[in-house]
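Here is the structure we will look at, set down as structure tokens.
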Amino acid sequence: MIDPDATIMVSVTAAPPRSFYQRHRHLLRGRMAQFAMALLITSGLTLLLWQLLPLIYRFWNHSLSQLLSGLALDDAQRVTLSISTPAWRHLESVAISLPLAAPSLATLAAHLSGATLVYLLAAHLNAPFRAPLRLLAVFHGFTALASLALPNGAAYSIEEHTRVLNLFTQGLLLLLPVVMAFTHYIVERSNERRILATVLIASYLIAALPIKLLAHALLIQAASGLAMPTLFLVCGPAFDILAVTAIYAWAVTWRHGTQ
């Protein structure tokens, strides 16, 4: 039996003082940790892309040189220029220079006939495709007619066209980590998949640029400068954005069944 008059002694040992990490480790959990890691990945990948720019330029220049020599295009030249803006002088733009004659009236008539034919044939397509094709045909016909008001050959430069494509790709590439941070990093919690998705999209932009520039240059030379506005609209920045969106949509599916 326990003596009711007995005194129970309880020894209380003082807890040791907590370290700085123990006092603040709750900040490294949950949303705060995800935000911190997303910010760290975004900053790191952005810095890495800037540091890799000289290597990327060498790859673009070498790839274009090999493509042009492989196709035996004697009148084609690879042109590399530095950005004229003082704050961005370390950036370069690569382009393709090809001679391009001013379109003749026969060429203009062929483009207008083609646009009219596409507009008429679009009536036989299903609703989702009919309106975009008709708008594209009207756009092409309008830009072809507008060329009559331009000086001969002044508006048609393959070099300027390909340079703009290059500059857009560079801008999209350098802003890619920030764009991914506001889109993909919000729904994706795996840091490895965040990095992998960004690297895949960046790899596409880097690898596809030389082929895209050459394809644009050859198509414009074959179809004359009248094809330049429509080609830029359909297969220029909009095409890159669609391709990036497709890779992004595929990357989003990685998280299903793995969380």
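F182 falls short of the stated requirement of being open to solvent by 20 Å² or more (accessible area, probe 1.4 Å) and within 30 Å of A101 (Cα to Cα). Out of V138, V118, one residue alone is surrounded by fewer than 16 Cβ atoms within 10 Å (Cβ to Cβ), of a type in the set (V, I, T) and modelled with pLDDT of 90 or more. It is V138.
In the stretch 60-73, what residues are surrounded by 15 or more Cβ atoms within 10 Å (Cβ to Cβ) and over 13 Å from N166 (Cβ atoms)? Once the filter is applied, which keeps residues that are surrounded by 15 or more Cβ atoms within 10 Å (Cβ to Cβ) and over 13 Å from N166 (Cβ atoms), the stretch 60-73 yields L67, L68, L73. Of everything listed in (1) open to solvent by 60 Å² or more (accessible area, probe 1.4 Å); (2) in a loop (DSSP other than H, G, I, E, B), the single unmet condition for L100 is (1). How do the pairs read when you match residues in the stretch 154-171 that are closer than 20 Å to L242 by Cβ and of a type outside the set (A, V, I, L, M) with residues anywhere that are open to solvent by 50 Å² or more (accessible area, probe 1.4 Å) and at pLDDT below 95, using Cβ under 8 Å and keeping only pairs 6 or more apart or on different chains? Hits for this filter: H161/F232. Of everything listed in (1) among the small types (G, A, S); (2) more than 25 Å from W50 (Cβ to Cβ); (3) open to solvent by less than 40 Å² (accessible area, probe 1.4 Å); (4) at pLDDT 85 or above, the single unmet condition for A76 is (4). Residue count for the stretch 39-85, restricted to those that are part of a helix (DSSP H, G or I), touching a residue at least 12 places away in the same chain (Cβ under 8 Å) and over 26 Å from I201 (Cβ atoms): 1.
Could you please find all residues in the stretch 189-230 being of a type in the set (G, A, S) and either crowded, with 16+ Cβ neighbours inside 10 Å or in contact (Cβ under 8 Å) with a residue 40 or more places away in the chain (or both)? Before the answer, list the steps.
Residues of the stretch 189-230 of a type in the set (G, A, S): 190, 197, 202-203, 207-208, 215, 217, 222-225, 227.
Those that are of a type in the set (G, A, S) and either crowded, with 16+ Cβ neighbours inside 10 Å or in contact (Cβ under 8 Å) with a residue 40 or more places away in the chain (or both): S190, A197, A202, A217, A223, S224, G225, A227.
Look at the stretch 110-136: where a residue is touching a residue at least 24 places away in the same chain (Cβ under 8 Å), no partner that is open to solvent by 90 Å² or more (accessible area, probe 1.4 Å) and assigned to a loop (DSSP other than H, G, I, E, B) sits 6+ places away or on another chain with Cβ atoms under 6 Å. For L209, the conditions (1) at pLDDT below 95; (2) under 11 Å from the mean Cα position of the chain (by Cα) all hold with the exception of (1). If you go through the stretch 147-168 and keep only what is loosely packed, with under 15 Cβ neighbours inside 10 Å, part of a helix (DSSP H, G or I) and at pLDDT below 90, you end up with L148, A149. Could you grab me the full set of residues in the stretch 186-225 that are outside any helix (DSSP H, G or I) and more than 30 Å from M32 (Cα to Cα)? Correct list: S224 only. Of all the criteria given as (1) open to solvent by 20 Å² or more (accessible area, probe 1.4 Å); (2) farther than 26 Å from S93 by Cα, the one not satisfied by L242 is (2).
The values are calculated or read from the model by the stated rules, or taken from the named source; none is laboratory data. Everything quoted here is computed from the prediction, not taken from an experiment. Counting neighbours? That spans all protein chains shown, and the Cβs are built from the backbone with ideal geometry, glycine included. Side chains included, ligands, DNA and RNA excluded: accessible areas come from the protein's heavy atoms. Shrake-Rupley method; radii C 1.70, N 1.55, O 1.52, S 1.80 Å.
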